[in-house]
Amino acid sequence: MLEKTFDPPSVEARLYAKWEASGVFAPKDDPDAQPYSIVIPPPNVTGSLHIGHALNNTLQDVLVRFQRMRGRAALWLPGTDHAGIATQMVVERQLAESGANISRRDMGRETFVEKVWEWKAKSGGTIVRQLRRLGASCDWSRERFTLDDGLSAAVRKVFVTLHKQGLLYRDKRLVNWHPELQTAVSDLEVANVEVNGQMWRFRYPIEGEPGRFIVVATTRPETMVGDTAVAVHPGDERYADLIGKQVRLPLVGRLIPIIADDYADPEKGTGAVKITPAHDFNDFRVGQRHGLEAINVFTPDAKLNENAPAAYRGLDRFAARTQIVADMEALGLLEGVDANRMMVPYDEKSKLVVIEPYLTDQWYVDARTLAQPAIRAVEEGRTVFEPKSWERTYFEWLRNIEPWCVSRQLWWGHRIPAWYGPDGAIFVEETEDAALAAAHAYYGRAEVLTQDEDVLDTWFSSGLWPFSTLGWPEKTKDLARFYPTGDLVTSFDIIFFWVARMMMLGIHFMGEVPFRRVVINALIRDAQGQKMSKTKGNVVDPLELIDEYGADALRFTVVAMSGQVRDIRLSRQRIEGYRNFGTKLWNAARFCQINGCARVEGFDPAAVRHVQNRWIHGEALKAARAVTAALEAAQMEAAAEALYRFIWNVFCDWHLELAKPLLAAGGEVAAETRVTTAWALDVILKLLHPIMPFMTEELWEKTAEVGPPRDSMLITAPWPELPDSYADEPATAEMALVIAVITEGRSVRSELNVPVSAKPPLLVTEAGPRERRILAEHAEAIGRMLSVGEIRFDAAEAGAVPFLAEGAAFALPVAEFIDLAAEKARLAKEVAARTAEIDRIAMKLANPDFVARAPEEVVDENRERLVDAEAAKARLSAALKRLEGFG
């Protein structure tokens with residue numbers, strides 16, 4: 001017998017261990033089974049489960065469980081990313097906190113890397129353990145790590161191959177530079193933060209024209225000592241006569257040209273901009289167009305270097321800013337300072353260190369060349385996006401792609417397989433022995449080589465993930481069977497950083513796209529629409545939610561809300577609501593068990609005779625088809641909606657309630673209803689399993705205590721493929737009338753505040769012979785569920801409120817139970833209140849200033865309130881209309 005309540009803590013760990021021990025997470029070893037595979041977006045080895053992981057991995061698990069139940073050889077391949085910067089920072093911080101007063105440079109590279117591996121072995125598996133708590137049915141026997149031997153070999157081969165093909169090279173370009181870590185970082189590791197800053201206006205003297213200046217505006221005075229030009233717009237008449245002339249750069253004395261370039265905006269600042277190619281990405285492109293020198297004036301730790309005047313050398317960039325402004329003012333060359341709201345690039349993790357555009361030698365991939373086949377693959381539909389609208393983002397990024405900087409100045413990661421000879425010659429090979437051989441052939445003698453100190457960007461190794469995890473460059477069975485993968489589920493913020501790079505590298509090295517479909521999920525925010533952050537204190541810990549509500553409630557919540565395009569607002573109230581949904585199902589299963597609803601061997605649903613049992617078969621068919629179609633289209637929220645409606649509204653609220661008199665009647669009808677109900681419950685458990693695996697597996701196991709034994713655990717039970725013969729239009733139409741009468745009658749009672757204890761008669765004022773038969777046959781159920789005394793086929797009487805249901809007309813005499821005049825007054829007052837509320841909100845939303853200036857979450861909240869108020873007014877107006885002509 002089922003317990004009174006479902007207890008997630010006592011069930012989840014036991015069932016997960018049972019699944020894992022049974023080997024069901026591995027793809028079935030059946031050559032006839034169609035393969036289906038997903039590779040997990042590898043979480044950082046430093047990470048722990050956050051709410052974004054909960055959403056993303058639940059969606060993947062839903063798809064994998066669905067395909068597994070459909071009989072496919074389903075593989076969900078797990079793994080973690082070595083997370084170069086984050087992991088190195090963790091270990092360096094631990095060294096600093098240990099009290100040993102030792103840095104990684106004191107330890108040396110080899111010893112430090114060993115220390116990181118020790119940390120990984122001890123603490124790097126946290127998120128993998130936490131994914132199990134979520135119910136993730138990954139094949140853990142195939143778990144990979146981006147620094148394991150196989151993936152490292154793949155990385156070296158790709159690097160060397162791209163270099164030999166001329167698609168990977170070393171170049172001096174601007175990068176995002178982290179002055180504290182002293183490494184290049186990707187755009188994803190940069191957070192652009194809006195701050196209150198200043199704009200300084202400096203006078204640059206025109207050479208040969210004493211007393212004449214051109215005024216430039218800058219937010220970064222510390223870089224002016226690296227200026228190599230001043231740019232004005234070619235159509236700006238104010239400066240037309242200055243184009244081609246020179247200015248003498250203050251504090252430095254260097255002559256620099258005035259050039260014409262569209263980059264200069266006549267409407268912004270003074271219309272003249274200083275060009276510092278070594279310290280600004282836009283300036284770098286201007287410098288390339290005009291052949292300007294790029295002068296780096298910073299050291300790696302953002303102090304001014306030997307290219308700056310002696311007075312500033314060794315100063316921190318911000319101290320140099322203060323000194324340069326003071327010196328310009330002393331020279332009479334500071335025209336003014338303006339307050340300026342501006343975006344400043346910060347280290348994404350700490351939000352403390354300002355990232356610096358920095359000119360340095362790095363390794364680059366020719367991403368533009370690799371991008372073209374990746375663009376065509378989506379244009380041709382070989383890979384599709386769900387939702388399709390995200391293809392525009394993919395195209396926009398790839399069609400404007402820049403060279404990809406793949407080197408990082410770290411010690412933890414894939415060390416670049418490049419060696420340097422004594423004269424600077426570069427030998428790129430997969431092994432040091434191969435590099436020495438190449439050097440011997442080049443020099444004609446043995447030479448000592450020095451390996452590049454840098455490591456590769458983690459996005460380089462994760463870009464190979466769909467094929468390197470399957471064994472490439474070896475020709476493994478897994479690679480042949482599971483590549484291309486079926487779906488990739490990921491968030492929209494890494495379409496460029498990860499999705500696009502996997503597409504480029506997968507097509508280039510495998511000759512085929514890495515996945516057939518990219519399913520994009522939104523980002524989760526708090527209930528007010530705010531981005532979650534530790535600073536705001538609004539971070540939601542999924543493990544705490546699992547402890548409180550169970551994994552199934554959290555899973556159903558994020559799936560049900562996953563249809564949002566960009567943002568999901570998560571609240572505990574929603575999770576509580578879906579926990580209640582699970583409780584509803586649990587109680588329904590207990591009702592079935594108490595009432596002897598058990599499976600019978602050889603039961604044929606098509607042979608049932610009672611109309612209600614024929615109806616529930618048809619409803620199960622509709623639900624199964626809706627859920628199947630939704631999951632096939634990766635529209636998981638639609639599957640959740642269909643399941644919620646079928647389980648709560650159809651099965652629990654109608655079938656079980658209407659079944660009570662049938663079960664009480666005994667005989668053949670009761671027996672048929674029992675087995676039909678047990679069959680419908682089985683269909684529910686199968687359809688719901690991908691989203692709520694723990695409760696459904698527990699119910700599958702417990703309901704097998706009566707009736708024939710199960711052939712398998714639910715996780716591998718066959719998906720419901722119900723035949724067309726289960727559709728029964730006459731039964732559907734008949735039950736639609738019964739349900740409509742009860743529903744509309746309840747609405748009347750609710751709207752007019754008719755007491756629950758009141759049992760007025762139900763008057764059937766207009767109905768054909770068919771409707772009269774149906775109402776007579778279901779009179780007992782209608783009377784009980786609508787709480788009416790009797791059903792009379794009669795004309796409406798005074799004080800009876802009319803309503804319609806499925807073409808028939810009815811009335812409820814309620815005058816003796818309520819004060820009609822008072823109810824009319826109450827409803828009119830509530831309609832007026834809702835009208836005023838609607839007008840007030842609509843006026844606010846019609847104000848362009850409000851929409852433009854108010855926080856996005858406030859605007860959205862008002863739009864939601866407007867929809868709710870309009871729906872409430874419509875409902876109240878309908879109730880008021882019912883009372884017209886009475887009292």
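The values are calculated or read from the model by the stated rules, or taken from the named source; none is laboratory data. This one's a predicted model, so the numbers in the text were calculated from it and none came from an experiment. Note that we place each Cβ from the backbone using ideal geometry, even for glycine, and neighbour counts take in every protein chain shown. With ligands, DNA and RNA removed, areas are computed over all heavy atoms of the protein, side chains included. Shrake-Rupley method; radii C 1.70, N 1.55, O 1.52, S 1.80 Å.
Each row is one residue, and each column tells you yes or no for (1) in a loop (DSSP other than H, G, I, E, B); (2) over 21 Å from ALA560 (Cβ atoms); (3) in contact (Cβ under 8 Å) with a residue 24 or more places away in the chain.
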| residue | (1), (2), (3) |
| --- | --- |
| ARG674 | no, yes, yes |
| ALA680 | no, yes, yes |
| PHE694 | no, no, yes |
| THR703 | no, yes, yes |
| TRP719 | yes, no, yes |
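Name the single residue that is nearest to ASN595 (Cα to Cα) among those in the range 1-25 being surrounded by 13 or more Cβ atoms within 10 Å (Cβ to Cβ) and of a type in the set (A, V, I, L, M).
Selected residue: LEU2.
Would you be able to tell me the number of residues in the range 132-176 that are in a helix (DSSP H, G or I), out of contact with any Cys (no Cβ under 9 Å at 6 or more places or on another chain), open to solvent by 20 Å² or more (accessible area, probe 1.4 Å) and of a type outside the set (Gly, Ala, Ser)?
9
Among the residues of the range 471-507, how many are of a type in the set (A, V, I, L, M, F, W, C), farther than 30 Å from THR183 by Cα and open to solvent by less than 10 Å² (accessible area, probe 1.4 Å)?
3
Could you pull out the residue among PRO309, PRO300 that is in contact (Cβ under 8 Å) with a residue 60 or more places away in the chain and open to solvent by 40 Å² or more (accessible area, probe 1.4 Å)?
PRO300
If you take the residues of the range 605-626 that are within 31 Å of the chain's Cα centre (by Cα) and of a type in the set (Lys, Arg), which of them is surrounded by the fewest Cβ atoms within 10 Å (Cβ to Cβ)?
ARG625
What residue, among those in the range 744-773 that are closer than 18 Å to LEU876 by Cβ and polar (S, T, N, Q), is farthest from the chain's Cα centre (by Cα)?
ASN753
Given the criterion farther than 19 Å from CYS405 by Cβ and either open to solvent by 40 Å² or more (accessible area, probe 1.4 Å) or hydrophobic (A, V, I, L, M, F, W, C) (or both), identify the matching residue among GLU348, GLU379.
Unique residue meeting the criteria: GLU379.
Which pairs have Cβ atoms under 7 Å, sit 6 or more apart or on different chains, and link a residue in the range 120-148 that is at positive phi to one that is at pLDDT 95 or above and of a type in the set (Gly, Ala, Ser)?
That search, which allows pairs on different chains as well, returns GLY135/ALA551.
Quick one: which residue in VAL741, VAL764, VAL748, VAL756 is within 26 Å of LEU880 (Cα to Cα), among the aliphatic types (A, V, I, L, M) and part of a loop (DSSP other than H, G, I, E, B)?
So the residue among VAL741, VAL764, VAL748, VAL756 that is within 26 Å of LEU880 (Cα to Cα), among the aliphatic types (A, V, I, L, M) and part of a loop (DSSP other than H, G, I, E, B) is VAL756.
Test each condition in (1) in contact (Cβ under 8 Å) with a residue 24 or more places away in the chain; (2) within 24 Å of ILE546 (Cα to Cα) for ASN580 and report the one that comes out false.
(1)
For the range 218-283, list the strands (runs of 3 or more DSSP E) that sit wholly inside it and hold at least 3 residues that are open to solvent by 10 Å² or more (accessible area, probe 1.4 Å); which are they?
Output list reads 255-260.
What is the number of the single condition among (1) at pLDDT 95 or above; (2) open to solvent by less than 30 Å² (accessible area, probe 1.4 Å); (3) closer than 27 Å to ARG579 by Cα; (4) in a helix (DSSP H, G or I) that ALA731 does not meet?
Status for ALA731: all satisfied but (3).
If you check GLY444 against the conditions, is it buried (at least 19 other Cβ atoms within 10 Å of the Cβ) and either more than 31 Å from the chain's Cα centre (by Cα) or among the small types (Gly, Ala, Ser) (or both)?
No.
Among residues belonging to the range 627-652 that are free of Cβ contacts under 8 Å to residues at least 24 places away in the same chain and buried (at least 17 other Cβ atoms within 10 Å of the Cβ), point out the one that is nearest to THR696 (Cα to Cα).
The extreme case among them is ALA642.
Going residue by residue through the range 36-51, is there one that turns out to be open to solvent by 30 Å² or more (accessible area, probe 1.4 Å), in contact with a Cys (Cβ under 9 Å, 6 or more places away or on another chain) and either over 26 Å from ILE568 (Cβ atoms) or touching a residue at least 60 places away in the same chain (Cβ under 8 Å) (or both)?
no
Can you go through ARG105, ARG68, ARG93, ARG72 and tell me which one is over 30 Å from ARG408 (Cβ atoms) and open to solvent by 30 Å² or more (accessible area, probe 1.4 Å)?
Just a single option satisfies the conditions, and that option is ARG72.
Of everything in the range 788-837, what is part of a loop (DSSP other than H, G, I, E, B), open to solvent by 60 Å² or more (accessible area, probe 1.4 Å) and under 16 Å from LYS881 (Cβ atoms)? Give them in sequence order.
ALA796
Are there helices (runs of 4 or more DSSP H) fully within the range 547-638 with at least 3 residues that are within 20 Å of THR676 (Cβ to Cβ) and among the small types (Gly, Ala, Ser)? List them.
Because the criterion is at least 3 residues that are within 20 Å of THR676 (Cβ to Cβ) and among the small types (Gly, Ala, Ser), the helices (runs of 4 or more DSSP H) in the range 547-638 that meet it are 611-632.
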